[in-house]
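The values are calculated or read from the model by the stated rules, or taken from the named source; none is laboratory data. Remember, it's a predicted structure, so these values are computed and weren't measured experimentally. Using ideal geometry, Cβ is built from the backbone for each residue, glycine included, and neighbour counts are taken over all protein chains shown.
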Amino acid sequence: MEHSDHLQAVLDTLPDKTGCYLMKNASGRIIYVGKAVNLRSRVRSYFHAAAQSDTKTRRLVREIVDIEWIVVSSELEALILEMTLIKRHKPRFNVRLKDDKRYPYIKVHWADPFPKVTVTRQMKDDGSRYFGPYTSVWAVHQTLDLLRKIFPYLTCNRDITGQDKRACLYYDIKLCTAPCIGAINQADYRQIIDDLCKFLEGRTDPVVARLSKEMEKAASELRYEKAAAIRDQLQAIDRVVERQKVVSTDQTDSDVIAMAREDGEACVQVFFIRGGKLIGREYFVLEGTEEEADEEVLSEFVKQFYAQAAFIPEKVLLPNELEEALIINQWLNSRKPGDKVEITVPHGELNKELVEMAAENAVETLNALKTRWEADKNRQTGALTELQEALDLPEPPSRIECYDISTTQGVASVGSMVVFEQGTPNKKLYRRFNIKTVLGQDDFASMEEVLRRRFRRWKAAHEEGEKVGKKPDLAFSILPDLLLVDGGKGQLSRAVAVLVDFNLLDSVPVAGLAKQEEELFVPDQVQSIYLDRHSQGLYLVQRIRDEAHRFAITAHRKRRRNQGLASRLDVIPGVGPARRRALLQKFGSIDGIKAAAPEAIAEIKGITLEMAQSIKVQLE
């Protein structure tokens, strides 16, 4: 296979050293990250004919125009760097965890005197205890709702002194122990939180033993109310524990991992066994698994999962041997100092059954996910077909663009463009427009400016793209199958005028969505179009419109925050240099003006009460 002179020069100068390599395409995007004990032999092997027997490698090699490498001192360093680079760049040819940024954790703020328990999406080295990752935020909150009834923990932001006069409602309904009023001391409160942590770790026996002793002691001292409260706590723990399946007499902590694959999809199931009990399970979906061997997919999962796992067990049971097992084992041991971690394929009957059970669950989970994905796809297809029929389009609109304007009395106006493809948002193609030519609040003119700029970019892409040879911006170089503007006939007329000027009215179907009655207006039609109140087509249009509105508001608020002190006052209608100076002299700052009553602002010469109220609104 022939390569460019540049790529051949890179291949010729690769070092015989350990490190990572980053493969890039024509646009400079990193499309694959790998590691190697010998960079020269590993990278050059991709370009041998024998290595390109599978379609994925052929596609990868066709796109490579440049390769960078980073030399490190050991294979372990290469492994760690490779994982970091994959997480950062998400190269599309690498096997990677899907949506890994969104996995939630339970966070116990152990470094605080009175620790709270919250849900977070990232672990920090801040002295807190973390549990996870989990795949469902809903399940995490369900777990915490249950745990709070057993181990009442703080959720408020009070400064705990024990001197507050009153506790909040949660104390009355037994969901907080009220350290704020001194109803529990710091040591006893921290014991409750430590019990909660042990519970999350699956270590309930010591908690039950200690609580049983406390109950007996309270009863012997005739503190029957306290004894009854502990009894209720123990019963609640028993109800949870009895649902945890005892799978082994071995007290070793283990994770049992298995995988299911079908039609390019891969789902990994993890069983968490603590102290011989199955305390929970999670599933994870992987991307980029096409034509990869099972061992490679599992290897990438193990690396990426344990790079963000809050706990690493003593044993990791797998269905297959991993080629990288030794170096992964070395890495896991470095992450769990003082304890040895063992990656193994089970040979004993019991552990084999556990892996088989995990595999069966992975198959069931993948089938359920595929059914759900197919249902979602069918809903999207139905919604697009409904829009096609309602708007008399030649075909279902594959690409829908929607535009909205956000402003506060004409200040820092921003237009938004959101793009939905096949009924789902493509956020990479979203764009925002800072309004430049419109003075004051004129949403119609602002919409016209946004659409003119959008279609000028389309025109430029087609006129200059071939000549310049640049990769086109997909946000602007492709025309929409349906253009939606948030608003009724007025906004629609501005959109039509722009399309006429660009000679696109026959090429780009357009509609205006009026919010009040959720009706659609189209050109040359007096009567509006109503979609069925419960139709998938209406739900899709509403979702697109709401997304455009959200994106516009977010950009508008950011623009206002970024405006400087003087500019924020200068752009307010009626506030010239003299009034700006008077305002700052009297109130000292923007925050001072914001905090002032409108009546106080109106005391300044030339500022009416109505103008004062307008100033307050525009500075919010």
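Some points to look at:
- Those residues of region 121-130 which are modelled with pLDDT of 90 or more and surrounded by 15 or more Cβ atoms within 10 Å (Cβ to Cβ), in sequence order: 128, 129, 130
- Residues of region 170-181 that are more than 32 Å from the chain's Cα centre (by Cα) and either surrounded by 14 or more Cβ atoms within 10 Å (Cβ to Cβ) or within 19 Å of residue 108 (Cβ to Cβ) (or both): 171, 177, 178, 179, 180, 181.
- Residue that is farthest from residue 557 (Cα to Cα) [pool: residues in region 579-620 that are out of contact with any strand residue (DSSP E or B) (no Cβ under 8 Å at 6 or more places or on another chain), in a helix (DSSP H, G or I) and of a type in the set (Val, Ile, Thr)]: 601
- Qualifying positions in region 11-31 - within 18 Å of residue 72 (Cα to Cα) and not acidic (Asp, Glu): 13, 14, 15, 17, 18, 19, 20, 21, 22, 23
- Residue list for region 321-336, restricted to those being in a loop (DSSP other than H, G, I, E, B) and either surrounded by fewer than 18 Cβ atoms within 10 Å (Cβ to Cβ) or acidic (Asp, Glu) (or both): 321, 323, 324, 336
- Qualifying residue in region 73-94 (condition: more than 30 Å from residue 269 (Cα to Cα), out of contact with any Lys or Arg (no Cβ under 7 Å at 6 or more places or on another chain), surrounded by fewer than 17 Cβ atoms within 10 Å (Cβ to Cβ) and at pLDDT 90 or above): yes
- Selection within region 361-392 - closer than 18 Å to residue 260 by Cα and surrounded by 13 or more Cβ atoms within 10 Å (Cβ to Cβ): 361, 362, 363, 364, 365, 366, 367, 369, 370
- Residue match in region 145-166 (condition: among the aliphatic types (A, V, I, L, M) and free of Cβ contacts under 8 Å to residues at least 12 places away in the same chain): no
- Among the residues of region 475-495, those that are in a helix (DSSP H, G or I) and touching a Gly at 6+ places or on another chain (Cβ under 6 Å) comprise 491, 492.
- Inside region 414-465, residues that are closer than 22 Å to residue 540 by Cβ and small (Gly, Ala, Ser) make up a count of 3.
- The set of residues from region 575-597 being within 41 Å of the chain's Cα centre (by Cα) and of a type in the set (Lys, Arg) comprises just one member, 594.
- Of the residues making up region 253-262, one or more are surrounded by fewer than 20 Cβ atoms within 10 Å (Cβ to Cβ), charged (D, E, K, R) and modelled with pLDDT of 90 or more.
Yes/no per residue for (1) in a helix (DSSP H, G or I); (2) basic (Lys, Arg); (3) modelled with pLDDT of 85 or more:
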site	(1), (2), (3)
472	no, no, no
513	no, no, yes
517	no, no, no
525	no, no, yes
540	yes, no, yes
546	yes, no, yes
551	yes, no, yes
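- Taken over region 337-369, the criterion of being in a loop (DSSP other than H, G, I, E, B) and either at pLDDT below 85 or in contact with a strand residue (DSSP E or B) (Cβ under 9 Å, 6 or more places away or on another chain) (or both) is satisfied by 337, 338, 339, 341, 345, 346, 347, 348.
Listed here are the residues, each with its yes/no results for (1) within 14 Å of residue 450 (Cβ to Cβ); (2) among the hydrophobic types (A, V, I, L, M, F, W, C).
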position: 369; (1), (2): no, yes
position: 382; (1), (2): no, no
position: 387; (1), (2): no, yes
position: 407; (1), (2): yes, no
position: 412; (1), (2): no, yes
position: 420; (1), (2): no, yes
position: 423; (1), (2): no, no
position: 428; (1), (2): no, no
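- Tally of residues being farther than 30 Å from residue 617 by Cα and either assigned to a helix (DSSP H, G or I) or among the hydroxyl-bearing types (Ser, Thr, Tyr) (or both) across region 370-412: 23
- On the stretch given as region 5-40, residues that are closer than 22 Å to residue 91 by Cα, surrounded by fewer than 17 Cβ atoms within 10 Å (Cβ to Cβ) and among the small types (Gly, Ala, Ser) total 3.
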